[in-house]
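Trainee: I'd like to ask some things about the structure below.
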Amino acid sequence: MIMKSMGMLNDKALALNSMNLLNFGYALFLLLNSQSKLSQSEIEHIVKRWLALSAVTARYGSSPETTTEKDIKQFANGDPFENLASIERQVLTEPFWNTMLPDDILVTSSSTNNNAWRLFQMAQVKDHDVAWLEDFHKVEDLLREQGNVHHIFPRAYLKRYGFGKQAYNQIANYILLTQSRNLLISDAAPVDYLHNSQVIKFSNEENWQANGIPIEVKNMTYNAYYDFLFKRRRLIANRIRKYYESL
(Lines give C-alpha, C1' and ligand atoms only; values in the text may rest on other atoms or scores of the structure.)
Protein backbone atom coordinates (compact mmCIF):
# COMPACT_ATOMS: atom_id res chain seq x y z
CA MET A 1 0.00 0.00 0.00
CA ILE A 2 2.87 2.40 0.74
CA MET A 3 4.37 2.02 -2.72
CA LYS A 4 1.00 2.26 -4.44
CA SER A 5 0.13 5.43 -2.53
CA MET A 6 3.44 6.90 -3.71
CA GLY A 7 2.46 6.39 -7.35
CA MET A 8 4.42 3.20 -8.02
CA LEU A 9 2.71 0.65 -10.25
CA ASN A 10 4.82 -2.47 -10.81
CA ASP A 11 8.32 -3.42 -11.93
CA LYS A 12 7.45 -3.26 -15.63
CA ALA A 13 5.29 -0.16 -15.59
CA LEU A 14 6.78 2.11 -12.92
CA ALA A 15 8.91 1.46 -9.84
CA LEU A 16 12.01 2.94 -8.26
CA ASN A 17 15.17 1.63 -9.84
CA SER A 18 17.12 0.23 -6.89
CA MET A 19 16.66 -3.04 -5.06
CA ASN A 20 18.95 -1.76 -2.29
CA LEU A 21 16.61 1.17 -1.79
CA LEU A 22 13.43 -0.92 -1.84
CA ASN A 23 14.95 -3.49 0.51
CA PHE A 24 15.90 -0.76 2.95
CA GLY A 25 12.41 0.69 2.73
CA TYR A 26 10.95 -2.67 3.72
CA ALA A 27 13.44 -3.07 6.58
CA LEU A 28 12.63 0.43 7.80
CA PHE A 29 8.91 -0.33 7.68
CA LEU A 30 9.40 -3.45 9.80
CA LEU A 31 11.61 -1.60 12.27
CA LEU A 32 9.16 1.28 12.72
CA ASN A 33 6.27 -1.15 13.09
CA SER A 34 8.07 -2.73 16.00
CA GLN A 35 8.12 0.67 17.71
CA SER A 36 4.54 0.73 18.94
CA LYS A 37 4.67 4.42 19.82
CA LEU A 38 4.29 5.25 16.13
CA SER A 39 0.93 5.24 14.37
CA GLN A 40 0.48 3.63 10.96
CA SER A 41 0.17 7.02 9.27
CA GLU A 42 3.37 8.20 10.94
CA ILE A 43 5.21 5.09 9.79
CA GLU A 44 3.97 5.52 6.23
CA HIS A 45 4.96 9.19 6.20
CA ILE A 46 8.54 8.40 7.29
CA VAL A 47 8.98 5.43 4.94
CA LYS A 48 7.57 7.25 1.89
CA ARG A 49 9.74 10.29 2.45
CA TRP A 50 12.82 8.15 3.07
CA LEU A 51 12.26 6.19 -0.13
CA ALA A 52 11.82 9.36 -2.17
CA LEU A 53 14.77 11.13 -0.52
CA SER A 54 17.04 8.14 -1.03
CA ALA A 55 15.92 7.74 -4.64
CA VAL A 56 16.44 11.34 -5.74
CA THR A 57 19.84 11.61 -4.00
CA ALA A 58 21.02 8.09 -4.97
CA ARG A 59 21.74 7.45 -1.29
CA TYR A 60 22.35 3.74 -1.79
CA GLY A 61 24.18 4.04 -5.08
CA SER A 62 27.70 3.56 -3.73
CA SER A 63 28.78 1.53 -0.67
CA PRO A 64 25.14 0.54 -0.06
CA GLU A 65 25.95 -1.94 2.71
CA THR A 66 27.81 0.64 4.79
CA THR A 67 25.14 3.30 4.31
CA THR A 68 22.31 0.85 4.99
CA GLU A 69 23.91 -0.32 8.24
CA LYS A 70 24.48 3.25 9.39
CA ASP A 71 20.93 4.35 8.53
CA ILE A 72 19.18 1.44 10.19
CA LYS A 73 21.17 2.01 13.40
CA GLN A 74 20.21 5.66 13.45
CA PHE A 75 16.54 4.85 13.05
CA ALA A 76 16.73 2.09 15.66
CA ASN A 77 18.51 4.18 18.28
CA GLY A 78 17.09 7.63 17.73
CA ASP A 79 13.84 9.46 17.15
CA PRO A 80 12.63 8.52 13.62
CA PHE A 81 11.17 11.95 12.91
CA GLU A 82 14.30 13.77 14.01
CA ASN A 83 16.50 11.39 12.04
CA LEU A 84 14.47 12.04 8.88
CA ALA A 85 14.48 15.80 9.48
CA SER A 86 18.23 15.80 10.09
CA ILE A 87 18.99 14.07 6.78
CA GLU A 88 16.51 16.34 4.98
CA ARG A 89 18.36 19.39 6.29
CA GLN A 90 21.67 17.91 5.15
CA VAL A 91 20.80 16.83 1.62
CA LEU A 92 17.54 18.43 0.47
CA THR A 93 18.87 21.96 0.56
CA GLU A 94 17.84 24.88 -1.62
CA PRO A 95 20.98 24.41 -3.78
CA PHE A 96 19.99 20.76 -4.24
CA TRP A 97 16.47 21.56 -5.46
CA ASN A 98 17.44 24.62 -7.50
CA THR A 99 20.76 23.57 -8.99
CA MET A 100 21.96 20.02 -8.35
CA LEU A 101 18.71 18.28 -9.32
CA PRO A 102 17.99 20.23 -12.54
CA ASP A 103 21.57 20.86 -13.65
CA ASP A 104 23.26 17.61 -12.62
CA ILE A 105 20.95 14.70 -11.78
CA LEU A 106 18.56 15.42 -14.66
CA VAL A 107 21.46 15.93 -17.08
CA THR A 108 24.05 13.24 -16.41
CA SER A 109 21.77 10.33 -17.33
CA SER A 110 19.51 10.08 -20.36
CA SER A 111 17.99 6.79 -19.21
CA THR A 112 14.35 6.51 -18.26
CA ASN A 113 15.65 4.36 -15.39
CA ASN A 114 16.85 7.58 -13.76
CA ASN A 115 15.05 7.72 -10.41
CA ALA A 116 14.45 11.46 -10.69
CA TRP A 117 12.48 10.85 -13.89
CA ARG A 118 10.64 8.01 -12.21
CA LEU A 119 9.74 10.19 -9.23
CA PHE A 120 8.35 12.77 -11.66
CA GLN A 121 6.17 10.08 -13.24
CA MET A 122 5.14 8.79 -9.81
CA ALA A 123 3.99 12.30 -8.96
CA GLN A 124 1.87 12.27 -12.10
CA VAL A 125 0.36 8.88 -11.26
CA LYS A 126 -0.31 9.93 -7.66
CA ASP A 127 -2.16 13.04 -8.85
CA HIS A 128 -4.01 11.19 -11.66
CA ASP A 129 -2.57 13.51 -14.29
CA VAL A 130 -3.80 13.38 -17.87
CA ALA A 131 -1.13 12.71 -20.50
CA TRP A 132 0.12 15.71 -22.45
CA LEU A 133 -2.26 16.99 -25.13
CA GLU A 134 -4.89 14.41 -24.24
CA ASP A 135 -8.50 14.70 -23.13
CA PHE A 136 -8.83 11.71 -20.79
CA HIS A 137 -5.89 9.31 -21.30
CA LYS A 138 -3.97 9.40 -18.02
CA VAL A 139 -0.21 9.06 -17.59
CA GLU A 140 -0.92 5.93 -15.56
CA ASP A 141 -2.80 4.41 -18.50
CA LEU A 142 0.16 4.91 -20.82
CA LEU A 143 2.58 3.49 -18.27
CA ARG A 144 0.44 0.41 -17.70
CA GLU A 145 0.18 -0.10 -21.45
CA GLN A 146 3.98 0.27 -21.55
CA GLY A 147 3.63 3.05 -24.07
CA ASN A 148 6.69 4.53 -25.66
CA VAL A 149 8.52 7.57 -24.41
CA HIS A 150 8.69 10.15 -27.17
CA HIS A 151 10.57 13.40 -27.70
CA ILE A 152 9.02 16.87 -27.33
CA PHE A 153 11.55 18.09 -29.87
CA PRO A 154 11.29 15.08 -32.23
CA ARG A 155 14.47 13.10 -32.65
CA ALA A 156 14.36 13.16 -36.46
CA TYR A 157 13.79 16.91 -36.42
CA LEU A 158 16.83 17.55 -34.22
CA LYS A 159 18.99 15.11 -36.19
CA ARG A 160 18.15 17.06 -39.32
CA TYR A 161 19.87 20.07 -37.78
CA GLY A 162 22.96 18.24 -36.61
CA PHE A 163 22.02 17.31 -33.04
CA GLY A 164 23.54 14.05 -31.86
CA LYS A 165 22.12 11.26 -29.69
CA GLN A 166 23.47 12.73 -26.47
CA ALA A 167 21.70 16.00 -27.26
CA TYR A 168 18.25 14.77 -28.26
CA ASN A 169 18.08 11.92 -25.73
CA GLN A 170 17.73 14.15 -22.70
CA ILE A 171 15.33 13.42 -19.84
CA ALA A 172 13.92 16.93 -20.21
CA ASN A 173 13.03 16.12 -23.83
CA TYR A 174 11.06 12.98 -22.91
CA ILE A 175 7.30 12.75 -22.77
CA LEU A 176 4.72 9.99 -22.73
CA LEU A 177 2.37 10.38 -25.70
CA THR A 178 -0.47 8.32 -27.10
CA GLN A 179 0.38 6.69 -30.41
CA SER A 180 -2.24 8.74 -32.25
CA ARG A 181 -0.83 12.02 -30.91
CA ASN A 182 2.71 10.99 -31.77
CA LEU A 183 1.71 10.17 -35.36
CA LEU A 184 0.16 13.61 -35.74
CA ILE A 185 3.35 15.24 -34.43
CA SER A 186 5.66 13.13 -36.59
CA ASP A 187 9.01 14.95 -37.01
CA ALA A 188 7.66 18.50 -36.94
CA ALA A 189 9.14 21.35 -34.92
CA PRO A 190 7.24 22.36 -31.77
CA VAL A 191 6.47 25.73 -33.35
CA ASP A 192 4.66 23.85 -36.11
CA TYR A 193 2.88 20.97 -34.38
CA LEU A 194 1.82 23.07 -31.40
CA HIS A 195 -0.14 25.27 -33.79
CA ASN A 196 -1.80 22.28 -35.46
CA SER A 197 -5.44 22.28 -34.36
CA GLN A 198 -5.61 18.47 -34.48
CA VAL A 199 -2.64 18.11 -32.14
CA ILE A 200 -3.70 20.75 -29.61
CA LYS A 201 -7.48 20.34 -29.63
CA PHE A 202 -7.43 19.20 -25.97
CA SER A 203 -4.60 21.49 -24.91
CA ASN A 204 -5.01 23.52 -21.73
CA GLU A 205 -2.77 25.28 -19.22
CA GLU A 206 -3.41 22.79 -16.41
CA ASN A 207 -2.37 19.88 -18.62
CA TRP A 208 0.86 21.60 -19.62
CA GLN A 209 1.69 22.30 -15.98
CA ALA A 210 0.95 18.71 -14.97
CA ASN A 211 3.42 17.44 -17.57
CA GLY A 212 6.09 20.02 -16.75
CA ILE A 213 6.06 21.63 -20.21
CA PRO A 214 7.19 25.26 -20.51
CA ILE A 215 4.56 27.20 -22.42
CA GLU A 216 7.27 28.92 -24.45
CA VAL A 217 7.95 25.71 -26.37
CA LYS A 218 4.96 26.37 -28.63
CA ASN A 219 7.01 29.05 -30.38
CA MET A 220 10.36 27.25 -30.38
CA THR A 221 12.54 25.84 -33.13
CA TYR A 222 15.83 23.94 -32.83
CA ASN A 223 17.63 27.22 -32.10
CA ALA A 224 15.91 27.38 -28.71
CA TYR A 225 16.32 23.70 -27.83
CA TYR A 226 18.85 24.18 -25.02
CA ASP A 227 16.79 27.00 -23.55
CA PHE A 228 13.83 24.62 -23.56
CA LEU A 229 15.86 21.95 -21.73
CA PHE A 230 16.93 24.48 -19.10
CA LYS A 231 13.33 25.55 -18.45
CA ARG A 232 11.84 22.07 -18.42
CA ARG A 233 14.45 20.64 -16.05
CA ARG A 234 13.38 23.23 -13.51
CA LEU A 235 9.72 22.44 -13.97
CA ILE A 236 10.46 18.73 -13.44
CA ALA A 237 12.59 19.49 -10.36
CA ASN A 238 9.86 21.72 -8.91
CA ARG A 239 7.27 19.00 -9.44
CA ILE A 240 9.47 16.42 -7.69
CA ARG A 241 9.91 18.81 -4.78
CA LYS A 242 6.16 19.38 -4.45
CA TYR A 243 5.62 15.64 -4.68
CA TYR A 244 8.15 15.00 -1.92
CA GLU A 245 6.55 17.61 0.32
CA SER A 246 3.15 15.98 -0.19
CA LEU A 247 4.30 12.58 1.12
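Trainee: To the nearest 0.05, what FRET efficiency results for T112 and D79 with a Förster distance of 45 Å applied to their C-beta separation? Don't jump to the answer; show the numbers that get you there.
Mentor: Working: r = 37 Å, r/R0 = 0.83.
It comes out at approximately 0.75.
Trainee: With a probe of 1.4 Å, find how much accessible area the chain has per residue, and write the answer as a whole number in Å². The partial results should precede the final answer.
Mentor: Numbers: 12100 Å² over 247 residues.
Per residue, the chain has 49 Å² of solvent-accessible surface.
Trainee: Here's another thing I want to ask about it. Computing the accessible area with a 1.4 Å probe over protein heavy atoms, can you report the carbon and sulfur percentage for region 111-175? List each step's numbers first, then the result.
Mentor: Numbers: 1140 of 2810 Å².
Whole-percent figure for carbon plus sulfur exposure: 40.
Trainee: Over the Cα atoms of the chain, what Rg and Dmax result, in angstrom?
Mentor: Values for the chain (Cα only, Rg and Dmax): 19.4, 62 Å.
Trainee: OK, next. Any chance you could give the angle, 0 to 90 degrees and rounded to 10, that helix 40-57 forms with the longest Cα principal axis of the chain?
Mentor: It is inclined by approximately 60 degrees.
Trainee: In nm, to one decimal, how far is the modelled label at K218 from the one at E205, with both set 7 Å along Cα→Cβ?
Mentor: It works out to 1.1 nm between the two label points.
Trainee: Search the structure for amide H atoms under 5 Å from the amide H of K138, placed 1.01 Å from N in the peptide plane, and list their residues when 5 or more places away or on another chain.
Mentor: The list, which skips near neighbours in sequence, is A131.
Trainee: Say each of N238 and N196 gets a label point 7 Å from the Cα, pointing the same way as Cα to Cβ; how far apart are those two points in nm?
Mentor: Each label point is offset 7 Å from its Cα along the Cβ direction, giving 2.8 nm.
Trainee: Same structure again: Just want the answer: with Cβ charges of +1 for Lys and Arg and -1 for Asp and Glu, which residue in Y222, I152, N173 is farthest toward the dipole's positive end in the chain?
Mentor: The residue sitting farthest along the positive end of the dipole is Y222.
Trainee: Moving to a separate point now. Suppose we look only past 15 Å in the calculated P(r) of region 1-69. What percent of the Cα-Cα pairs does that tail hold? Write out the running numbers ahead of the final one.
Mentor: Details: 1241 of 2346 pairs.
When all Cα pairs of region 1-69 are counted, 53 percent exceed 15 Å.
Trainee: To the nearest 500 deg cm²/dmol, what mean residue ellipticity at 222 nm is calculated for the chain from DSSP H runs of n ≥ 4 alone, each contributing -39,500 (n - 2.57), summed and divided by the residues? Display every interim value, and only then the final one.
Mentor: Details: 13 runs with 131 residues, N = 247.
Calculated mean residue ellipticity at 222 nm is -15500 deg cm²/dmol.
Trainee: With angles folded into 0 to 90 degrees, how steeply does helix 19-34 sit against the dominant principal axis of the chain? Use alpha carbons for both and round to 10.
Mentor: Compared with the principal axis, the helix lies near 40 degrees.
Trainee: Hey, another quick one. Leaving ligands and nucleic acids out of the surface, order D192, D129 by accessible area at 1.4 Å, largest first. Kindly include the intermediate steps, with their values, before the conclusion.
Mentor: Details: D192 95, D129 20 Å².
Accessible-area ranking of D192, D129, largest first: D192, D129.
Trainee: Also, quick follow-up: What are the radius of gyration and Dmax of region 97-191, computed over its Cα atoms and given in Å?
Mentor: 13.9, 38
Trainee: Next up: Assuming R0 = 45 Å, can you tell me the calculated FRET efficiency for the pair L183 and T93, based on Cβ-Cβ distance, to the nearest 0.05?
Mentor: With a Förster radius of 45 Å, E is 0.55.
Trainee: Across the Cα atoms of region 1-147, what radius of gyration and what greatest pairwise Cα-Cα distance (Dmax) are found, in Å?
Mentor: Rg, Dmax (Cα atoms, Å): 16.1, 51.
Trainee: Give me the three principal axis extents of region 31-89 from the C-alpha atoms, as integers in angstrom, largest value leading.
Mentor: 33, 20, 18
Trainee: Size of region 141-247 along its principal axes in angstrom, Cα-based, largest extent first?
Mentor: Principal axes ranked by extent give 43, 26, 26 Å for the Cα atoms.
Trainee: Right, here's the next one. Can you give me the angle between helix 115-126 and the longest principal axis of the chain, using Cα atoms only, in degrees from 0 to 90, rounded to the nearest 10?
Mentor: Orientation of helix 115-126: about 90 degrees from the principal axis.
Trainee: In whole angstrom, how far apart do the alpha carbon centroids of region 144-159 and region 215-241 sit?
Mentor: Centre-to-centre distance over Cα atoms comes out at 16 Å.
Trainee: Quick one: Kirkwood hydrodynamic radius for region 62-104, alpha-carbon pairs, angstrom, one decimal? Write down the numbers at each step before the final one.
Mentor: Values: mean 1/r = 0.0849 Å⁻¹.
Averaging 1/r across every pair of different Cα atoms and inverting gives 11.8 Å.
The values are calculated or read from the model by the stated rules, or taken from the named source; none is laboratory data. Keep in mind that what you see is a predicted model, and the values were worked out from it rather than measured. Neighbour counts run over all protein chains shown; Cβ positions are idealised from the backbone, glycine included. When the accessible area is computed, the model is the full protein with side chains, heavy atoms only, and any ligands, DNA or RNA have been set aside. Shrake-Rupley method; radii C 1.70, N 1.55, O 1.52, S 1.80 Å.
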